[in-house]
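The values are calculated or read from the model by the stated rules, or taken from the named source; none is laboratory data. Because the structure is predicted, anything quoted here is derived from the model rather than measured. Glycine also receives a Cβ, built like all others from the backbone with ideal geometry; neighbour counts cover every protein chain displayed. For the accessible areas, the whole protein counts, side chains as well, though only heavy atoms, and no ligand, DNA or RNA atoms are used. Shrake-Rupley method; radii C 1.70, N 1.55, O 1.52, S 1.80 Å.
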Amino acid sequence: MPTVELLFSALPEHVRTARLVAAAVARRAGVDEAVLDEVRLAVGEACSRAVGLHRAGGLDRPVRVVLTDEEKKFSIEVGDEIPGRAAPGDADGVLARADEPASHPEPSSVQLSEDSEEESEMGLAVISGLVDDLEVIANENGGLIRMSWPLAPAVVS
């Protein structure tokens with residue numbers, strides 16, 4: 001299960017780099033060429049959302065992206081460190097869970113503006129339209145968007 005981990009400063013100019021890395025790793029993992037644009041767009045939205053949340057919350061911690069090549073699927077996790085955020089319910093096929101233990105509790109005083117909240121929700125709506133297998137987790141460590149795509153079947157000659 002090869003994994004690539006990318007940490008980048010919460011700056012908008014680094015989102016493009018994350019998209020390029022995700023597309024390259026997805027291609028190497030065997031994701032169908034027709035799906036690579038969806039991977040690129042979903043990662044861009046997830047990273048832009050995390051960058052926006054970090055900036056709005058005044059956090060100077062990096063955004064974390066983990067790309068994993070599993071046996072039959074390629075998965076990507078994008079994490080923000082805004083603690084205790086609520087995620088949308090099951091209505092849009094997006095799951096909210098809070099079952100991961102805190103590894104480094106954050107102050108609960110991080111408050112986001114209404115505009116930041118709306119942008120965050122809009123980003124999740126866009127991502128849910130691009131990804132069939134999507135999970136959103138929010139807990140005291142922050143938020144995590146987990147996305148995956150099937151690998152293209154191997155061509156036998």
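Tabulated data for the structure shown
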{"quantity": "Where a residue in the stretch 1-22 is closer than 26 Å to GLY58 by Cα and its partner, wherever it lies, is exposed (fewer than 12 other Cβ atoms within 10 Å of the Cβ) and not polar (S, T, N, Q), with Cβ under 9 Å and at least six apart", "calculated": "SER9/ASP60; ALA10/ASP60"}
{"quantity": "Single residue of ALA56, ALA34 found to be hydrophobic (A, V, I, L, M, F, W, C), modelled with pLDDT under 95 and open to solvent by 60 Å² or more (accessible area, probe 1.4 Å)", "calculated": "ALA34"}
